[in-house]
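The values are calculated or read from the model by the stated rules, or taken from the named source; none is laboratory data. Owing to the predicted nature of the structure, the values given are computational and were not obtained by experimental measurement. In this analysis, Cβ positions are derived from the backbone assuming ideal geometry, glycine residues included, and neighbour counts consider all displayed protein chains.
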Amino acid sequence: MIPYGKQDISDDDMEAVARVLRSDFLTQGPIVPQFEAALAEICGAAYGVAVNSATSALHIAVASLGLGEGDLMWTSPITFVASANCGRYCGADVDFVDIDPETFNMCPQALAAKLERAIASGRLPKVIVPVHMGGQSAAMREIADLCRPHGIRIVEDASHAVGGSYEDSPVGSCQYSDITIFSFHPVKIVTTAEGGMAMTNDAALAGKMSRLRSHGITRDEGEMTHASDGPWYYQQIELGLNYRMTELQAALGLSQLKRLAAFVDRRNALADRYDRLLTDLPLRLPGRQAATRSAFHLYIIRLDDPDQHSTVFENLRARGIGVNLHYIPVHLQPYYRQFGFGPGDFPAAEDYYARAISIPLYAGLTDADQDVVVAALTDILTSEPT
Ligand SMILES: *Cc1c(COP(=O)(O)O)cnc(C)c1O
């Protein structure tokens, strides 16, 4: 089976984790801050707050922006459910902005139209969560231009996009957002097994997210209600969680970061090769937005004929090609339908869902394996139906 995605673990990665196991700290030691500083440096962000998953990063990101009961949060319908769920954890109502059919990212025109209706009805979102689908940044400048005049806070779900860039800035620089979050799940660009990080340039947000990840506790006397009782003292000044990343995870992440650029280069080379090799088939290639370099977490084709969708998908799986579908539109999940969403609400997202297939793409994919994928697709899509 050629999977759609796969981690790449080197001997150096294993040795980095083994060193932590032999050290004094399995958690709350020196490596987590080193990992945070290293990724902040790569992204050109002032702060990174490492946590145990991107789902946790999304939760503390929107919570630190004050999202709560009675508030509204908007995200894209073509994403993993976690992008929407973070709003629900805070008790906010969640709504969606339809996608651009070429980039699969939140469509700025759809956002402008929805904002106009929201202004007319007097209920604007407090937070918006654009998603960098497949690793290509959303149109952040347009999104920020539309949202910032209304005080809408912006969290980039860059789970797919570490190592990518937008208008010559690395994704994670937060030039057009308050916070950017990354995922280090094994199928993503770099891994910590489970893990995530929230990047920001705002010291207050970084402090708030650091407290929320660890019980709402501070050891900073400046944040306490009175002078410290002594060297043992800490205060819980708000309600937080335990979302901490371990030293083992951070050591793996720090070691993986050394190959981040190489991973993204290889993914881009494979994507360019797919573009060339698939060009004559009855499908659409993933759209590329100008001035953006995707990290290419996913390579997503869309079939011209949606009636062939499940047979092509099943046929590829039967030939040992581990294709996948990212994603089922979130508004069609039973959990979200209970809030009144249903088919027809976001037509571009639903049309995408009827055609999309993620084909194998990962740094360790060989040209020969890629040729197997291309040959299978070519055979399936050009042979006469029986
Ligand atoms: C993977 C993913 C997440 C969740 O990441 P975890 O680290 O598994 O919690 C959130 N959003 C998107 C778009 C993702 O792809």
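Structure values in brief
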{"read-out": "Hey, Ser121 within 16 Å of the ligand (Cβ to nearest atom) and assigned by TED's automatic domain parsing to the domain that holds Pro149 or not", "value": "no"}
{"read-out": "Hey, Ala349 at pLDDT 95 or above, of a type in the set (A, V, I, L, M) and closer than 14 Å to Asp95 by Cβ or not", "value": "yes"}
{"read-out": "Pairs, first among the aromatic types (Phe, Trp, Tyr) in segment 336-350, second in a loop (DSSP other than H, G, I, E, B) and crowded, with 18+ Cβ neighbours inside 10 Å, C-beta under 7 Å, six or more apart", "value": "Phe346/Pro77; Phe346/Asp98; Phe346/Pro329"}
{"read-out": "Residue that is nearest to Arg355 (Cα to Cα), among those in segment 98-111 that are assigned to a loop (DSSP other than H, G, I, E, B) and within 14 Å of the ligand (Cβ to nearest atom)", "value": "Phe104"}
{"read-out": "Gly68 free of Cβ contacts under 8 Å to residues at least 40 places away in the same chain and assigned by TED's automatic domain parsing to the domain that holds Ile152", "value": "yes"}
{"read-out": "Condition check for Ala262: surrounded by fewer than 21 Cβ atoms within 10 Å (Cβ to Cβ), hydrophobic (A, V, I, L, M, F, W, C) and part of a loop (DSSP other than H, G, I, E, B)", "value": "no"}
{"read-out": "Qualifying position, being farther than 19 Å from Ser159 by Cβ and either without any contact (Cβ under 8 Å) to a residue 12 or more places away in the chain or not assigned by TED's automatic domain parsing to the domain that holds Gln28 (or both), among Gly207, Gly216, Gly240, Gly222", "value": "Gly222"}
{"read-out": "Cβ pairs under 9 Å, 6+ apart, first in segment 171-189 and over 25 Å from Leu270 (Cα atoms), second within 8 Å of the ligand (Cβ to nearest atom) and in a strand (DSSP E or B)", "value": "Thr180/Asp157; Ile181/Asp157; Ile181/Gly196"}
{"read-out": "Residue that is nearest to the ligand (Cβ to nearest atom) [pool: residues in segment 143-188 that are small (Gly, Ala, Ser), part of a loop (DSSP other than H, G, I, E, B) and under 27 Å from Val323 (Cα atoms)]", "value": "Ser159"}
{"read-out": "Segment 364-385, residues that are part of a helix (DSSP H, G or I) and not hydrophobic (A, V, I, L, M, F, W, C)", "value": "Asp367, Asp369, Gln370, Asp371, Thr378, Asp379, Thr382"}
{"read-out": "Condition broken by Ala92, with the remaining ones in (1) under 23 Å from Cys174 (Cα atoms); (2) buried (at least 18 other Cβ atoms within 10 Å of the Cβ) satisfied", "value": "(1)"}
{"read-out": "Selected residue (criterion: farthest from Ile99 (Cα to Cα)) from residues of segment 132-142 that are in a helix (DSSP H, G or I) and away from the ligand (no atom under 16 Å from the Cβ)", "value": "Arg141"}
{"read-out": "Qualifying residue in segment 62-73 (condition: surrounded by fewer than 24 Cβ atoms within 10 Å (Cβ to Cβ) and closer than 27 Å to Asp351 by Cβ)", "value": "yes"}
{"read-out": "Single unsatisfied condition, Ala46 versus (1) surrounded by fewer than 16 Cβ atoms within 10 Å (Cβ to Cβ); (2) under 30 Å from Tyr352 (Cβ atoms); (3) aliphatic (A, V, I, L, M)", "value": "(2)"}
{"read-out": "In segment 112-130, the residues that are in a loop (DSSP other than H, G, I, E, B) and among the small types (Gly, Ala, Ser)", "value": "Gly122"}
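The rows are residues; the columns are (1) among the hydroxyl-bearing types (Ser, Thr, Tyr); (2) over 23 Å from the mean Cα position of the chain (by Cα); (3) within 16 Å of the ligand (Cβ to nearest atom); (4) farther than 28 Å from Lys114 by Cβ.
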| position | (1), (2), (3), (4) |
| --- | --- |
| Leu325 | no, no, yes, no |
| Tyr335 | yes, no, yes, no |
| Asp371 | no, yes, no, yes |
| Thr378 | yes, yes, no, yes |
| Ser383 | yes, yes, no, yes |
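Residue by residue, here is whether (1) crowded, with 17+ Cβ neighbours inside 10 Å; (2) at pLDDT 95 or above holds:
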{"residue": "Thr200", "(1), (2)": "yes, yes"}
{"residue": "Ala204", "(1), (2)": "no, yes"}
{"residue": "Leu212", "(1), (2)": "yes, yes"}
{"residue": "Glu221", "(1), (2)": "no, no"}
{"residue": "Tyr243", "(1), (2)": "yes, yes"}
